[in-house]
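Structure, as structure tokens:
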Amino acid sequence: MNSFFPASVENLIDHFASLPGVGKKSASRLAFHILAMPEQEARAFAAAIVEAKEKVHPCPICQNLTDTELCPICASGKRDPSVICVVSEPKDVLSVERSHEYSGVYHVLHGVISPMNHIGPDDLRISELVERVAKGNVNEIIMATNPDTEGDTTAMYIYRLLKPFGVKVSRLAYGIPVGSNIEFVDDATILRALNGRVEM
Ligand code: ZN
């Protein structure tokens with residue numbers, strides 16, 4: 001396709017278009033928005049990307065993203081490290097935190113097993129979870145992956161891996177409709193799902 005725009009503008013559009021959920025049309029809208037910005041604002045925007053990229057890293061314990069050595073939840077003395085809630089994405093930690101009732105810690109997988117998208121167990125932070133359980137002192141694993149095919153497959157895969165360690169593995173089930181995303185579930189439903197979790 002012949003380009004109507006200067007190469008640097010095309011380049012910017014391509015970068016926006018590479019983001020999840022951004023089509024070519026939105027990408028050009030965003031690129032032109034950036035071009036219309038005062039230079040200082042555009043520089044601050046670019047610097048924010050670089051700074052986040054430089055400072056943010058996975059927490060060595062739970063794999064959640066953090067800009068401190070350990071994430072605030074792992075570093076907190078008030079959380080119970082013997083109960084681990086397993087979620088697929090960092091944003092899901094916020095969803096479970098919204099219940100204001102969960103006092104355990106987390107493990108973030110950074111995805112789900114998805115053969116369709118060529119994502120296997122080795123692409124996720126599953127071995128790090130197994131290592132945590134193998135160290136002992138873990139009483140319960142709460143699988144909080146989404147109640148859809150990929151979330152269920154991932155939960156079942158991890159359940160089989162952890163079974164030999166004799167740890168209790170439960171699954172959020174009650175109250176979360178099948179096929180929904182825990183990111184969009186309201187606080188009361190999350191709380192019901194936590195309290196009504198069933199052993200796998
Ligand atoms: Zn952590």
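The values are calculated or read from the model by the stated rules, or taken from the named source; none is laboratory data. Predicted model only: the values in this text are computed from it and were never measured. Here the Cβ is made from the backbone with ideal geometry for all residues, glycine too, and neighbour counts use every protein chain on show. Heads up: the accessible areas ignore ligands, DNA and RNA and are worked out on the full protein's heavy atoms, side chains in. Shrake-Rupley method; radii C 1.70, N 1.55, O 1.52, S 1.80 Å.
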Residue in the range 145-158 that is within 16 Å of the chain's Cα centre (by Cα) and within 16 Å of the ligand (Cβ to nearest atom) present: no
Matching residues in the range 120-133 - criterion: being open to solvent by 60 Å² or more (accessible area, probe 1.4 Å) and not charged (D, E, K, R): Ser127
Search result, residues across the range 92-140 that are in a strand (DSSP E or B) and of a type in the set (A, V, I, L, M): Val105, Val108, Ile119
All positions within the range 140-178 that are surrounded by fewer than 22 Cβ atoms within 10 Å (Cβ to Cβ), in contact (Cβ under 8 Å) with a residue 12 or more places away in the chain, among the polar types (S, T, N, Q) and out of contact with any Asp or Glu (no Cβ under 9 Å at 6 or more places or on another chain): Thr153
Residues that are within 8 Å of the ligand (Cβ to nearest atom) and assigned to a loop (DSSP other than H, G, I, E, B), drawn from the range 56-71: Cys59, Pro60, Ile61, Cys62, Gln63, Asn64, Leu70, Cys71
Matching entry among Val93, Val50, Val86 (being among the aliphatic types (A, V, I, L, M), away from the ligand (no atom under 16 Å from the Cβ) and within 21 Å of the chain's Cα centre (by Cα)): Val50
Positions within the range 92-102 being open to solvent by 60 Å² or more (accessible area, probe 1.4 Å) and either modelled with pLDDT of 95 or more or in contact with an Asp or Glu (Cβ under 6 Å, 6 or more places away or on another chain) (or both), in sequence order: Arg98
Some residue of the range 13-21 being within 16 Å of the ligand (Cβ to nearest atom), more than 16 Å from the chain's Cα centre (by Cα) and open to solvent by 30 Å² or more (accessible area, probe 1.4 Å): no
Residues being in contact (Cβ under 8 Å) with a residue 24 or more places away in the chain and more than 16 Å from the ligand (Cβ to nearest atom) - total across the range 96-121: 8
Residue among Ser127, Ser180 that is modelled with pLDDT of 95 or more and of a type in the set (Ser, Thr, Tyr): Ser127
Qualifying residue in the range 151-170 (condition: in contact with a Pro (Cβ under 7 Å, 6 or more places away or on another chain) and not small (Gly, Ala, Ser)): yes
